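Worksheet: one structure, shown below.
What follows draws every value from the coordinates through simple rules; no lab data is involved. Computed from a predicted structure; not experimentally measured. Glycine also receives a Cβ, built like all others from the backbone with ideal geometry; neighbour counts cover every protein chain displayed.
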Amino acid sequence: MIAGIDSMVLVYAGWVPSKNPKHSSKYQELNVRAQLLLHKLFREKALVLLPTVAISELLVPVPKTEKGTLIAALTEKFICPSFDVKAAAIAADLWSQHRNMPKDVQYDKRHVLRADVMIVASAYAAGASDFYSHDQKCRDLAKLLMKAHDLPTDDPGDMFLKNDILSGDV
Amino acid sequence: MLPTFEVRFVGPGLAPERIPLRAVSDALSAVQDLASGRDPYETPHVPLDKGIGLVKVRRGSAVYSCVSRAPDEAISNLSHVGLLLSSTGDHGGEEDGLVAALRPVESLSDVARSIGSRVEVSLVNHDGPPLFVIDKDAFQRISSRLLMHGDTTVIGRVERVGGATNMRCMMRVPGRRRALHCDVKGNDLVRRLGQHLYEQIVATGTATWIHRSWRIYRFKIRDFTQPKLGDPIEAIERLRNAGLKAWDHIPDPDALFQELRQ
C-alpha cells in the first residue's frame, strides 16, 4: 500500500502531554490514534507519503538551525513528493470537483482548501492509494481521488497495542 | 545491383504471407550482423559500409508489399493514423488514437531520419494519395501536442538494471500494467541501482507524460532514495530529536494549522 498522510498526523504522534495541559485530553487521544496509525502502516509495510507542502507546515515552529535536520529525518522516514506539474493538474481538477460537492462538505475558506488540495494532489500524483487525515473536509476532498481514512481508534491486528501506547509500554 | 546472397525461409507448406514481419525483420538483422561480423557487445550498430540491403525492389523507392489477415481492420486503422497525423485540432478523441500510435510513429520517424527518407503507407493498386506519410519530424510534431515534461517522483520496484548501449532500469510501478523502462543518469547511478534489485525505490527524475492520461511515456532517473518508516516509536523519537519537539511549545496545534492555512 502507498499511503499519504497529513502533516497533523506527525504532530499528534509526537505530542507530549505534559507540555500542553490546556488541550491535554483532546491531544492525548489524537496522540494514541496517530501512533496506532504509524504502527498499522509499519506492520503493513506501507510506503508512506508526506508531501513537501505538508513538510513546510511541520517546519513552521522549528528553529532555523534545526529545520535542515528535521527535513533530513523526514526524508529518511517518508517519501516526500513535491507539488509537480502532474500534481498541479490534479489539483486543478480537484478545485473544480470541489465546487460540485454538497455545500455542507465544501470548505468555507478558500485558502484552507488550497493547502489541502495541494497536499492531497501531491500524494495522489506520486501514487498514493490511501490518505489519512483527522480533518473531515480534507478526507472528503481526498475521497474524490482515493480511499480516505480517519486516524484509527483501535488496532484490530493487535488488541494490546492501544493499552501499551497508553501505558507507555511501546 | 546484383544480390550478394539470399536469405531463405525453407520448410514444408511455408508461404511467404504466413511469416510474421517481425520474424523477417529479426532474421534479416541477424544475418546482417553475421555478414558484417559485428560483435553486438562491442559495436552497437552495424556500420553503414557493412550493412546489407534488399535488392530487386522497385528502384527509386523501397516498396514492400504486405498482406494482412484482417485486411478491412488494417486499412481502417492505417487510414485512421493518416487522419490523426494530418489533424491539427485539439480534439480529445483524436488524442486517444494518437497515444496508441505514438511509439510506432516514433520508430518510423527514426527510420525515416536514419535512411534520410520518408515512409509512406499506401493501398495497393490505388492511384490516390498514401494512407499516411511519416517523415523524420512527424514524431516531433505530434509529441508537442501530446507530451508534457517535468521533474517528478516515481515509486517502483527495480527489476532490471544495465545495458550494453544505454544505461537503463526497468521498474515495476504500482497501477501501471507494463513495466517502466527508464533511462538512468550516469554509470555510478546504474551501479547503485544494481545493488537494489527487487527492492522498492523512490526515484526522482524527469518524466515525459502523455497529456490527459498522465501515463509516463519516458522517465530519466536522476537519483533515488529508500525511505523507511521503521519502528514507529523510534521514528517518532528520531523526528522529535531532529526538531519536531518544537511543537511542544504550541499550546493548540490544530489552531496553528488553521492559522497557517489562512
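Could you calculate the FRET efficiency of residue B:231 with residue B:176 from 1/(1 + (r/R0)^6), where r is the beta carbon distance between them and R0 is 30 Å, rounded to 0.05? That gives a FRET efficiency of 0.45. Placing +1 on the Cβ of every Lys and Arg and -1 on the Cβ of every Asp and Glu, with no other charges, gives chain A a dipole of roughly 460 debye about its Cα centre.
Of the GluC sites (Glu not before Pro) in region B:143-245, which ones lie in a loop per DSSP and count no more than 13 other C-beta atoms within 10 Å? Kindly include the intermediate steps, with their values, before the conclusion.
Values: sites: B:159, B:199, B:234, B:237; in loops: B:199.
Passing both the DSSP loop test and the Cβ count: B:199.
For region A:34-87, the list of trypsin sites (Lys or Arg not before Pro) that fall in a loop by DSSP and count at most 13 other C-beta atoms within 10 angstrom reads A:45. Cross-link partners of residue B:185 among lysines, defined as those whose alpha carbon lies under 16 angstrom from its own and excluding same-chain residues fewer than eight positions apart: B:220.
Exposed loop sites here are chymotrypsin sites (Phe, Trp or Tyr not before Pro) in DSSP loop states with at most 11 other C-beta atoms within 10 Å. What is the longest stretch of chain B lacking them?
Working: sites that count: B:5, B:41, B:64, B:198.
Here the longest segment lacking exposed loop sites spans B:65-197.
What number, in percent, do you get for the relative contact order of region B:147-225 if the mean sequence gap of Cα pairs under 8 Å and at least 6 apart is divided by its residue count?
Numbers: 175 pairs, mean separation 27.9, N = 79.
Once normalised by length, the contact order is 35 percent.
Each of B:184, B:13, B:63 was placed along the dipole of chain B (beta-carbon charges, centred on the mean Cα), and the one lying farthest toward the positive end is B:13.
When trypsin sites (Lys or Arg not before Pro) are flagged only if DSSP places them in a loop and at most 10 other Cβ atoms lie within 10 Å, the longest unflagged stretch of chain B comes out as B:70-176. A simple spin-label model places the labels of residue B:117 and residue B:75 2.5 nm from each other, with each point 7 Å out along Cα-to-Cβ.
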